[in-house]
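The values are calculated or read from the model by the stated rules, or taken from the named source; none is laboratory data. Since the model is a prediction, treat every value here as computed from it, not as a measurement. Please note: Cβ atoms are built from the backbone with ideal geometry, for glycine as well, and neighbour counts cover all protein chains shown. With ligands, DNA and RNA removed, areas are computed over all heavy atoms of the protein, side chains included. Shrake-Rupley method; radii C 1.70, N 1.55, O 1.52, S 1.80 Å.
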Amino acid sequence: YVKEKTNCRSTLIVPGLGIAAIATGMRGLEIFPSALPFTALFVVSHLANAALVTPNMTPFLVDSTTEEQRAQALAMRNMAQDVGVLSGAVALGGVSQAVGVPEAIMCSAGLQALTMIFFALRTGPGRQIKGLSEEGIHQGQFEEKKEK
């Protein structure tokens, strides 16, 4: 529904990434007297990803690629996710061993925030995906909307 009203799937993805980044960052602050707020923030960050980010990534790729490019784009997205999960666990494990778990959690939140900023700048409402019906060969690239 939101995509049809705004013509921009990032309308849901960007806030989801932002909510997840904030909730993750708050977990790293170590200001909670018990495990309950920490657990609640964990649930909030994962619900934001599960409800707003993950279900919209595949349609976003489908919208921004040609039929010939789709299989490769979806495979690359899945591969990037797998590599990110594995390398992130190793890298943040090293950070937690070197400086501590709260710092590793804050690094994770920072990476999520950078991802949100990058994605918002590349796909925000002021940008439009070249559609298959527009002039030119569709390459999945983004261009500025032209004001009439």
Length released on extending from PHE118 to GLN97, taking residue separation times 0.36 nm less the Cα-Cα span
4.7 nm
For peptides 34-41, 60-67, 102-109, sequence by mean Cβ density within 10 Å, most packed first
102-109, 60-67, 34-41
Quick check for you: with a 1.4 Å probe and neighbouring chains kept, what is the accessible area per residue of segment 1-113, in Å²?
60 Å²
Quick one: length gained pulling ILE31 to LEU47 fully straight, 0.36 nm per residue minus the C-alpha distance?
3.6 nm
By per-residue mean of other Cβ atoms within 10 Å, what is the highest-first order of 75-84, 43-52?
43-52, 75-84
